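A short worksheet on the structure shown next.
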Amino acid sequence: MSTIKADIGVYGMGVMGKNLARNLARNGYKTAITNRTPSRTAKVMEEHSQEGTFIPSDSVKDFVESLESPRVAIIMVKAGPDTDAVIDQLSEYMAEGDIIVDCGNSLFSDTRRREATCRERGLHFVGCGVSGGEEGALWGPSIMPGGSKWSYDRLGPMFEKISAHVDGVPCCTHVGEDGAGHFVKMIHNGIEYADMQVIGEAYDLMRRAIGLTPLEISEIFAEWNKGDLNSYLIEVSSEVLKQVDAETGTPLVDLIVDAAGQKGTGSWTVQTALDLSVPVTGIGEATFARGLSSSPLQRAAAQGFEGKAAPWAIEDKDAFIEDIRQALFASKLVAYAQGFNEIQAGAAEYNWHINIGDMARIWRGGCIIRAGFLNDVTKAFEKDPELPLLLADDYFYAKIQDAIASWRRIVSLAALHGAPAPVFSSSLSYYDGVRSKRLPAALIQGQRDYFGAHTYKRIDKEGTFHTLWAVEGRPEEQWS
Ligand code: 6PG
């Protein structure tokens, strides 16, 4: 075994783990590597050992012993029981003060549990979101570490160095205690779902309404990428749409089965939002839209329904395309606003000290939702760290005002012509709901009190009230 000690180690030589290890080694860190199947470790050494200093091990014991104290061991394995198994193996050989970092897409509540267990054993456990896919892991991801401040002091400088940088600023910061890092990564993924869906809705409307080809839409997206919508996901969409199948000459997108997959982080975001009572309608609809696309029985049963929607007759195509761009931008803003609200609610519930502006800042580069407008989001939260609603920031308020007429036109046209636009329309409803002075919730309170004596509050007096609704002339009772 090598006598040099490693600065950091990576357990798990799948693509993400391997690339993170290569990124660390390339940046000058002596990197210990290991894998459940040693042949993978050997393969990394065979193919990449010249990229930096790697210290390979075939056993967990050797791996842990090859690390400089206090040890930092990254786990990059499939989220779930595999993660627990590796934590147990590592803790057997680790000493007090050592740090285990889970860089997988783990559920934040698992991370909270693991952090508590490790703490009892005298170890630090860091649940760390990493975004950017394989390329990001290799060349600079966005990194969202949770856990103790003490552990960040040890590993933060390394993570900041290997992360993406925007304007010289690293896309990595200490997110907050225990599960905060994985919570924020979960929200990132939820927003990713909404962002992908709104791009999909824009694409779909341009095809249905004005018959544009995938290639034409690819060019429009490339153009949009130069303005407010500048983002990795718009760029990716433009690339996907221009791909032509070599064998058939058909746009590849037309040959792909239209059933969207999901690994669960979108659902986690929605389930958690329900628990926290945060309306993340954009993320919710985006997640359900994937579910609808992947419901073959229901879709088959509904084929041939209706078919009598008014035919599209768009005269000014350029104006229509601009309306779609505005609707996309406004719906995207709503989804981000809702995602940030979920982070605020999570922070309040779990007592995390999360700086929301910093989250927007570390998402500016490296991650899947990286986008130009996150600079403006960062500024909005710098101006007011407690901003209750992104859309209330002056800059974004003005953007929504610019978009509103287009947004309404697109949502109504889609409904009129029978085109699904779940995130465009639910986001507009959210906007109209949140800006309403009075909501029908007053009636719902009345209904609840009627059949369940659930009580209600009044706008004109303090207290909690119950009314004997069905008994004419009976006055309400004040319950407290
Ligand atoms: C990232 C991505 C990454 C991934 C998810 C989403 O930040 O690098 O979010 O985590 O693409 O696994 O995948 P699904 O679409 O399969 O849920």
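The values are calculated or read from the model by the stated rules, or taken from the named source; none is laboratory data. Not measured: the values here are computed from a predicted model. Quick reminder, even Gly has a Cβ in these numbers, built from the backbone with ideal geometry, and neighbours come from all protein chains shown. Ligands, DNA and RNA are stripped out before the accessible areas are found, and what is left, the full protein with its side chains, is counted by its heavy atoms. Shrake-Rupley method; radii C 1.70, N 1.55, O 1.52, S 1.80 Å.
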Q | Answer residue from region 124-142, given it is open to solvent by less than 10 Å² (accessible area, probe 1.4 Å) and more than 13 Å from the ligand (Cβ to nearest atom) and is farthest from the chain's Cα centre (by Cα) among those | A | PHE125
Q) Taking into account only those residues within region 446-480 that are modelled with pLDDT of 80 or more and of a type in the set (Asp, Glu), which is most open to solvent (accessible area, probe 1.4 Å)? A) GLU462
Q) Among ILE356, ILE362, ILE400, which is out of contact with any Leu (no Cβ under 7 Å at 6 or more places or on another chain), touching a residue at least 60 places away in the same chain (Cβ under 8 Å) and β-branched (Val, Ile, Thr)? A) ILE362
(Q) Return the residues of region 323-341 that are open to solvent by 10 Å² or more (accessible area, probe 1.4 Å) and within 16 Å of ILE283 (Cβ to Cβ); say none if nothing qualifies. (A) ASN341
Q. Within region 258-293, can you find the residues that are polar (S, T, N, Q), within 12 Å of the ligand (Cβ to nearest atom) and either more than 23 Å from VAL240 (Cβ to Cβ) or surrounded by fewer than 20 Cβ atoms within 10 Å (Cβ to Cβ) (or both)?
A. GLN262, SER267, THR269
(Q) Could you check region 194-233 and list, in sequence order, the residues that are within 24 Å of LEU413 (Cα to Cα) and within 16 Å of the ligand (Cβ to nearest atom)? (A) ALA194, ASP195, MET196, GLN197, VAL198, ILE199, GLY200
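For ILE368, state whether it is open to solvent by 10 Å² or more (accessible area, probe 1.4 Å), within 16 Å of the ligand (Cβ to nearest atom) and under 16 Å from the mean Cα position of the chain (by Cα).
Numbers: open to solvent by 10 Å² or more (accessible area, probe 1.4 Å): yes; within 16 Å of the ligand (Cβ to nearest atom): yes; under 16 Å from the mean Cα position of the chain (by Cα): yes.
Criteria met by ILE368.
Working carefully through the options GLN303, GLN344, find the one that is within 23 Å of LEU428 (Cβ to Cβ), of a type outside the set (A, V, I, L, M, F, W, C) and surrounded by fewer than 24 Cβ atoms within 10 Å (Cβ to Cβ).
Working: GLN303 fails: within 23 Å of LEU428 (Cβ to Cβ).
Being within 23 Å of LEU428 (Cβ to Cβ), of a type outside the set (A, V, I, L, M, F, W, C) and surrounded by fewer than 24 Cβ atoms within 10 Å (Cβ to Cβ) holds for just one of GLN303, GLN344, which is GLN344.
Go through the residues of region 179-197 one by one and say whether even a single one is outside any helix (DSSP H, G or I) and either surrounded by fewer than 22 Cβ atoms within 10 Å (Cβ to Cβ) or not acidic (Asp, Glu) (or both).
First, pick out the residues of region 179-197 that are outside any helix (DSSP H, G or I): 179.
Cutting the leftovers down to either surrounded by fewer than 22 Cβ atoms within 10 Å (Cβ to Cβ) or not acidic (Asp, Glu) (or both) gives us 179.
Yes; the residues of region 179-197 include at least one that is outside any helix (DSSP H, G or I) and either surrounded by fewer than 22 Cβ atoms within 10 Å (Cβ to Cβ) or not acidic (Asp, Glu) (or both).
How many residues are in a loop (DSSP other than H, G, I, E, B) and either open to solvent by 30 Å² or more (accessible area, probe 1.4 Å) or closer than 25 Å to GLY52 by Cα (or both) if we restrict to region 143-172? Even if it seems obvious, please write down each step before you answer.
Going through region 143-172, the residues in a loop (DSSP other than H, G, I, E, B) turn out to be 146-148, 163-164, 167-168, 171.
Next, from what is left, pick out any that are either open to solvent by 30 Å² or more (accessible area, probe 1.4 Å) or closer than 25 Å to GLY52 by Cα (or both): 148, 163-164, 167-168, 171.
Qualifying residue count for the region: 6.
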Q. Any idea which residue in region 112-123 is surrounded by the fewest Cβ atoms within 10 Å (Cβ to Cβ), counting only those that are touching a residue at least 12 places away in the same chain (Cβ under 8 Å) and among the charged types (D, E, K, R)?
A. ARG121
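Looking at region 219-228, which of its residues are charged (D, E, K, R) and surrounded by fewer than 19 Cβ atoms within 10 Å (Cβ to Cβ)?
Applying the first criterion (charged (D, E, K, R)) to region 219-228 yields 219, 223, 226, 228.
Hits for region 219-228 are GLU219, GLU223, LYS226.
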Q: Considering only residues that are surrounded by 20 or more Cβ atoms within 10 Å (Cβ to Cβ) and more than 16 Å from the ligand (Cβ to nearest atom), look in region 92-111 and name the one that is nearest to GLU68 (Cα to Cα).
A: ASP98
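Does region 229-248 hold any residues that are in a loop (DSSP other than H, G, I, E, B) and open to solvent by less than 50 Å² (accessible area, probe 1.4 Å), and which are they? Break it down stepwise before answering.
The initial filter retains those residues of region 229-248 that are in a loop (DSSP other than H, G, I, E, B), namely 229-230, 243, 245-248.
LEU229, ASP245 - these are the residues of region 229-248 that are in a loop (DSSP other than H, G, I, E, B) and open to solvent by less than 50 Å² (accessible area, probe 1.4 Å).
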Q: Taking ARG325 as the residue in question, decide whether it is within 16 Å of the ligand (Cβ to nearest atom), farther than 27 Å from LEU274 by Cβ and among the basic types (Lys, Arg).
A: no
Q: Looking at (1) closer than 28 Å to ALA310 by Cα; (2) within 22 Å of the chain's Cα centre (by Cα); (3) open to solvent by 40 Å² or more (accessible area, probe 1.4 Å), find the lone condition where GLU216 falls short.
A: (2)
Q | Residues located in region 99-122, provided they are more than 16 Å from PRO145 (Cα to Cα) and either in contact with a Leu (Cβ under 8 Å, 6 or more places away or on another chain) or in a loop (DSSP other than H, G, I, E, B) (or both) | A | ARG121, GLY122
Q.
Show me the helices (runs of 4 or more DSSP H) found entirely inside region 382-480 where at least 3 residues are within 20 Å of THR281 (Cα to Cα).
A. 394-416, 422-434
**Q.** ILE99 vs. criteria under 17 Å from LYS5 (Cα atoms) and under 28 Å from the mean Cα position of the chain (by Cα)
**A.** yes
